[in-house]
Amino acid sequence: MYFTSYEFLGFVLVLGLLYYVLPKKAQWPLLLLGSLAFYAASGPKYLIYVAVTALSVYGAGMLMDRDRNGVTAWLKAHKEELSKEEKKAYKEKHKKVRLAYLLICLLINLGILAVLKFQHFGWVLPLGISFYTLRAVGYLVDIHRGTYEAERNPLKFLLFISFFPIILQGPISNYNELAETLYGPNKFNWKNVSFGLQRILWGFFKKLVIADRVLAAVTVFIKDPETYNGVYALFGMLLYTLELYADFTGGIDITIGVAEVLGIKVAENFDRPYFATSLKDYWRRWHITMCAWFRNYVFYPVSVCKPMQKLSKFTRKVFGEKAGKRIPVYLSSFFVWLATGVWHGATLNFIVWGLLNWLILMVSEEFEPLCTKFHEKAKFSNSFGYRIFMILRTFVLISVLNLFDCFANVGTTLKALLSIVTTGNYAGALAGAYEAFGLSAADYIILAVGIVMMFLVSLIKGDGAFLRDKIAKLKFPVQAVIWIGLFVLVLLFGAYGQGYDQSQFIYNQF
């Protein structure tokens, strides 16, 4: 069921009406039934994967929680009979038991994900499996750490795993944050409903007017890289970066908007990423919940594990305190970006993409002291013009890295990038490049207007509640003109009909 389909809109409408009409205690069971029905629409057999993940993680979480509580109760009952050494030995024994539960469950779920991503049997990857697996793993690790208690109700936990707006492409919400509003009761609140509908409409605009219109041109470029090289490759690369932003952020807008209509708070996933002044800054702004997940559940565990501590001690002894500290950090970051690349796709292009991000970030980290000195001495580096230069520089770098998403073959990607600087067809081809991808002059005008609109909304931090709060303070006729106008733009200029195929969101494939 496509987010931008009439079926989805009807589904949300009916679910929303029932959600607020039925008794409050029926809200979360209704959401569970609706979420399972939504996911079953992609193929009933895929519910098996969701069920296996939910049941295995729920069971392991309960076992770890029960063991931890049992240890606490037993030690309390026998505190006068045991020495400190005996208490410590008892605790260590049960830490190993809980670790065994954790590792077995991780092996099951990450094993399923790995087999399906690396499989060569022609199986279709279940929609959203990467996202709900990461969400489940985060929950399991938090239970092992004792961050919060395990969810006692297996059906409530199944809802956490399968909640329909976020199951396909995130955000990768933490259990304790999402659970605050997911299970209700949530009273009808007109501000939540109206703001949610506005956010959905804005997501539809990004997806249908911008992303799906650009998709037609990007498809032409990807299918024939031999023909579309040089200036065409540059143009195609920039178009894909635009499509990726409008597609992914548009999908997240719809996700957050649907949850908001239901009174459920979902984490924001973007903070104006194309305003970033460096790659490090970009990854603080883009896919925020994914970056937080890999930081919390890969980087920190790897960086503090015993082998890494031994390596840190060795490197500080051999290379000195300053250099020795950095090597384990950089190595931990290497594993993070390798895992990030594999998570996006089990092909060489995604692995190279991840490791290139790692390399650039680590080199930037090494040169950061020099950059700081430069900014202190060069007064122009603090000017508005230089900030624009850094934003454009970062945007080009991101566009180059994004090209690895387009082609499964790394050689094809490198050849396309090389052609941008070696193929001397700029003078003759630049004038006709915009026509080569099958878009009309009207399409480019619509895209230009759409880009300006997205830029202005980002400029005033409008993807969250800030702009909607501002608009809500205007007189009702003005509000009506704004939102009805946006609705009409989507209806008139959405990329559907002859020449366009309705497409899923890009991140659904991950």
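The values are calculated or read from the model by the stated rules, or taken from the named source; none is laboratory data. All values derive from a computational prediction rather than experimental measurement. No Cβ is skipped: glycine too gets one built from the backbone with ideal geometry, and neighbour counts run over all protein chains shown. Accessible surface areas use protein heavy atoms only, side chains included; no ligands, DNA or RNA. Shrake-Rupley method; radii C 1.70, N 1.55, O 1.52, S 1.80 Å.
Label point of Ala77 set 7 angstrom out along Cα-Cβ; within the stretch 136-150, no amide nitrogen lies under 12 Å from it. Stokes-Einstein, applied to the Kirkwood radius of the chain over Cα pairs at a viscosity of 1.306 mPa s and 10 °C, places its translational diffusion at 63 µm² s⁻¹. Sorting the segments 325-337, 65-77, 470-482, 160-172 by their mean number of nearby beta carbons within 10 angstrom, highest to lowest, gives 160-172, 325-337, 65-77, 470-482. Per atom type, the stretch 13-59 shows carbon and sulfur on 81% of its accessible surface, probed at 1.4 Å. Along its principal axes, the stretch 216-340 has C-alpha extents of 56, 49, 25 angstrom, given from the largest down. In straight-distance terms, cross-link reach from Lys473 covers every one of the lysines whose alpha-carbon lies under 22 Å from its own, apart from those fewer than eight places away in the same chain; here that gives Lys191, Lys461.
Taking max minus min of the alpha-carbon positions on each principal axis, the stretch 1-42 gives extents of 29, 17, 8 Å, largest first. Taking only the Cα atoms of the stretch 340-395, the ratio Rg/Rh comes out at 1.16, with Rh defined as the Kirkwood radius. Put simply, the stretch 1-126 fits an ellipsoid with semi-axes of 43, 24, 8 Å; these come from the alpha carbon gyration tensor as the roots of five times its eigenvalues, largest first.
Taking every lysine pair in the stretch 243-367 that is 8 or more places apart or spans two chains, those with Cα atoms closer than 17 Å amount to 7. Entry note, the chain: the mean residue ellipticity at 222 nm calculated from DSSP H runs of n ≥ 4, each adding -39500 (n - 2.57), is -24000 deg cm²/dmol after division by the residues and rounding to the nearest 500. Placing pseudo-labels 7 Å out from each Cα toward the beta carbon at Val452 and Ala37 gives an inter-label distance of 4.4 nm. Placing a label point 7 Å from the Cα of Ile391 along the Cα-to-Cβ line, the residues of the stretch 456-472 whose backbone N sits under 18 Å from it are 456-464, 467. Computed from label points 7 Å out along Cα-Cβ, the spacing between Glu7 and Glu321 is 6.4 nm. Kirkwood hydrodynamic radius computed over the stretch 13-66 comes to 12.9 Å, based on all pairs of distinct alpha carbons.
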